[in-house]
Structures are given as structure tokens and as C-alpha cells.
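Here the structure comes first, spelled out in C-alpha cells, and everything after it is commentary.
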Ligand code: BG6
């Protein structure tokens, strides 16, 4: 890759001292600058409520996060000194935002920056409305160059709040300047879904109800809720994972061929999928919550024992669901989606199960189970894919065995870029293809808001298992099973 993008922009990271900033954003930005992909004269202004921090202490905080990523102390020190600044937003009053605006202008003057600005909201969702209003009222929705607003998921907590949030954001910013970030879209393996489908006609011709029996999407995590009870108690798995990450995967698997590889065409096709999903019935949804259990020989507490969780909490840490995409391509093909915390292992995969032979000639042998061809797209951690097919096992007696044809990214390409690096560069180049349009957000809430409002039963499952029994039943009743149990 050659050349950097967006002449010396200013990154304003609201929530600059938070977990996301320390773990993901600053490491990604520093890496892009070291690679020369972001102009070395760019500045990063961390903004947070803390009135105690100043440029120095902020650099120390971020420096520590970068050191734990194996960079040398000298390099980190130099980079922090050159690039990082801090500004408090205090209690977020109008004058605090005006002070922020003055600081931004002063920095741009002093460092002869281009006037291009990225305003990045790395904030808890409750802080979005106040911050967007504060920025807009202080005139920070305009700049001498371009201004791009990056908003991290979750975008609202149901259809009404998402609409309100969109309306508020649109009162200050154009949709073309709004980058709603779902980091799953920045993952190489997720982007590859487009190439896999639309650059390989052999698969595309099989990608429909005539050939496919069912589709499964699993996003399994070994982690619990870490120290995020205050957020997670409000969110639960349906808001934290299903409404955004899993639904994005559903759209990429289910969409029609876009007319061009452009943000408008891709996002339009994704939105069409969401609008075609039938209302989800209660008996097609299973909620679960992890109880104490063992993962890799280590005992882990149950959700109700996590610090900050209400003792009688009914927040779901697991969701399994059957979706029906009512299009000519997919009608009748179930899309089973599943996500949960405290599974036995971290695993994100999409399994496309093809139809069985209409008549099975090897039945006569009596000992051959009828299998289906399965295409397993492994999104993480062992990135790649496998196509399972049957072969005759050499020798006697006559036996059919299922074997995989496998591709692994690691073997062919080595390590994969970080999703945040990819997406931050796209913000700088002004490419919205991998960002979520307001219509997608609303389309997705339209599906899940009724489910959230139903107050479904929450089934306990032991940590270290693949979720509650009821999730297995969800598939058994249609003659299917989860690919990893
Ligand atoms: C985040 C969720 O969006 O995605 C977390 O808030 C979750 O709860 C994380 O752990 C999973 O991301 P990844 O990239 O590790 O699959």
C-alpha cells in the first residue's frame, strides 16, 4: 500500500481514556502512523470528563496501553509526545464544548493541520445524545475541511431510540459524513464474504433455496462480561451482539449481487435483506444466561455472581434464533443464528449446509449415514474455510467418509490486519462501504424490538457448554443440529 490518506487530519476521540480507546483505537492509530498510512503530522486529541488529566498524564495512560503491545518505550514516548493531546469535556456543558472547539482550532493553527476532522464517539451509548448536541451546538459539525463523525455501536437500544438518535444526528450531520462502526465489518474474513460470493461463480450458483438446506451463524465467546456489568445489564446479548454483528453477517450471506462495489449499492442490498426477514415467533427464540461452570479446567463464576450484576438479573448472555428471509432466493431456508458468552471456546463461523441427495443410492450398503455437503466459513480465530464432501474410504468394506477441502488464511497470507485499522483508514478515505447505514440500523431494530419487548424466559446454561438445551431443541424439531455442540 502506498501513500497516506487525508492530509494531516485531527482525530478527536471522545471517550479518549476509556477501554475501547486504550485497547483498540490508539493502538490502531499509532500502528497506521508507523506504517505511514496516516500522515505523521496528524494529531490525536483525547477528550474525556476527567478534569485531572492533562497532556502529560494522558500520554502516560495511552503510552502504557501501547507498551503492553510490545513496542519499545522510546518509540512509544516519542510518538505520544508528538501526537497526543488531551482536553477535558467536564460535565459536558455548552461552554465545555465551546472550550473544546477553541482547543481544536488552536491546535489546527499551531500545527498547520488541514482542517479535516474525525470526531470519534467511543462512549457509552447513554452519552451519545448529549455529546452529539454539544458538538453540533459548538459548531463542530463543520470545519474548514471535511468533518466525519464515527459512532460506535450500539446505535440506540430499540427502534424508537434508534430513530430518535438518527434524527438528532441528522439535524447536525449529513448521512454521508456519518460512519456507524460495527467492527465485524472490518474483519478480513467478513469482507471476504463479498469476494467469496461475488468473485466465485461456482459458489454463487449454489447460493439459493434450490441447493441450500440451512444456514447457521455462530459467534461464540469464551469471555464473560469482563468488568462491563453496567453496560451489559442494559444491553444483553441481543443488543450487544445480535442486533449488529450477527445481523451484519446475515445480510452479507443473504444479500443479492450489488450492481457495483460501492457503498450505496452494497448497503442498499443489505437493507433489502433486513426488510425481507419475517417477524420472529417467540418459539423460534431461545435466551440463556450462564451459570457457574468450568472452561479449560478453570472454574468461572456465573453471570449473577459477576460484580455489578443484579442478583435477580434476567439479562440474556446467550441468544439462539431462527430467522426466515422471505425472498425468492431464500424462502424456506432457515437462518439459525446463535451467540453466547462463556462458551467452551472462541469461535465465529458460518455453516452453509447443502441439500442431501434426493435419493441415496448407498442406502443399500446399510452403514452409510446420509451426510450433506457443508461449507464452513471460519471467521475467527482459525480464519479460513472448509468444504466438506464425501469420498469412498479406500479398501473394504465399502464405506463413505466425509472429508474437508480446506483453506487457511494463516498458511497463505500470514497474519491478518486489525479490523480497527481497516475501518479507520476507510474513514480517512471517505469510504462508507463497511459502515452501517441508518436504514440498516432501523431495519435491524424492526426485527428485534418485538422480541425484546416479549420478556422471554431465560434458560440457565453452565459456563463451558454450548448454551441451553432449548437451543438444541430449536434445531432438532426441524431435523437439524448445531455444527459445534
Ligand atoms: C463487542 C461486544 O462489540 O464485540 C463484546 O460489545 C464482544 O461484548 C465483542 O466481546 C466481540 O468482538 P470480537 O472481535 O472479539 O469477536
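The values are calculated or read from the model by the stated rules, or taken from the named source; none is laboratory data. Treat the numbers as computed from the prediction; the structure is a model and nothing was measured. Glycine gets a Cβ as well: all are built from the backbone with ideal geometry, and neighbour counts include every protein chain shown.
Results, tabulated for the structure shown:
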read-out	value
Criterion violated by residue 67 - all others in (1) surrounded by fewer than 15 Cβ atoms within 10 Å (Cβ to Cβ); (2) out of contact with any helix residue (DSSP H, G or I) (no Cβ under 6 Å at 6 or more places or on another chain) satisfied	(2)
Residues of the stretch 118-138 classified as in a helix (DSSP H, G or I) and either in contact (Cβ under 8 Å) with a residue 24 or more places away in the chain or touching a strand residue (DSSP E or B) at 6+ places or on another chain (Cβ under 6 Å) (or both), total	12
The stretch 345-358, subset in a loop (DSSP other than H, G, I, E, B) and more than 16 Å from the ligand (Cβ to nearest atom), residue farthest from the chain's Cα centre (by Cα)	358
Matching residues in the stretch 21-36 - criterion: being in a helix (DSSP H, G or I) and either surrounded by fewer than 18 Cβ atoms within 10 Å (Cβ to Cβ) or without any contact (Cβ under 8 Å) to a residue 24 or more places away in the chain (or both)	23, 34
Residues of the stretch 439-485 classified as surrounded by fewer than 20 Cβ atoms within 10 Å (Cβ to Cβ) and on the phi > 0 side of the Ramachandran plot, total	2
Condition check for residue 252: under 19 Å from the mean Cα position of the chain (by Cα), at pLDDT 95 or above, within 16 Å of the ligand (Cβ to nearest atom) and in a loop (DSSP other than H, G, I, E, B)	no
Residue 300, sole failed condition from (1) within 24 Å of the chain's Cα centre (by Cα); (2) more than 28 Å from residue 410 (Cβ to Cβ)	(1)
Conditions (1) touching a strand residue (DSSP E or B) at 6+ places or on another chain (Cβ under 7 Å); (2) at pLDDT 90 or above; (3) in a loop (DSSP other than H, G, I, E, B): number failed by residue 327	(1)
Of residues in the stretch 387-398 being surrounded by fewer than 18 Cβ atoms within 10 Å (Cβ to Cβ) and touching a strand residue (DSSP E or B) at 6+ places or on another chain (Cβ under 9 Å), the one farthest from residue 190 (Cα to Cα)	398
Wholly within the stretch 402-485, helices (runs of 4 or more DSSP H) carrying at least 2 residues that are in contact with a helix residue (DSSP H, G or I) (Cβ under 8 Å, 6 or more places away or on another chain)	419-429, 438-454
In the stretch 361-381, residue farthest from residue 211 (Cα to Cα) [restricted to those that are free of Cβ contacts under 8 Å to residues at least 40 places away in the same chain and surrounded by 12 or more Cβ atoms within 10 Å (Cβ to Cβ)]	365
Counted residues, the stretch 359-382 - those being in a loop (DSSP other than H, G, I, E, B) and at pLDDT 85 or above	4
Output for the stretch 263-291, where each listed residue is touching a strand residue (DSSP E or B) at 6+ places or on another chain (Cβ under 7 Å) and assigned to a loop (DSSP other than H, G, I, E, B)	276, 278, 280
Checklist (1) over 17 Å from the mean Cα position of the chain (by Cα); (2) under 30 Å from residue 356 (Cβ atoms) applied to residue 287, failing item	(2)
Odd one out for residue 40 among (1) touching a strand residue (DSSP E or B) at 6+ places or on another chain (Cβ under 6 Å); (2) assigned to a loop (DSSP other than H, G, I, E, B)	(1)
Cross-chain or 6+ apart pairs with Cβ under 7 Å, the stretch 92-108 first and within 21 Å of residue 127 (Cα to Cα), then surrounded by fewer than 17 Cβ atoms within 10 Å (Cβ to Cβ)	92/130; 94/137; 96/90; 97/137; 101/139
Residue ID - nearest to the chain's Cα centre (by Cα), chosen from residues in the stretch 73-91 that are assigned to a helix (DSSP H, G or I) and surrounded by fewer than 21 Cβ atoms within 10 Å (Cβ to Cβ)	76
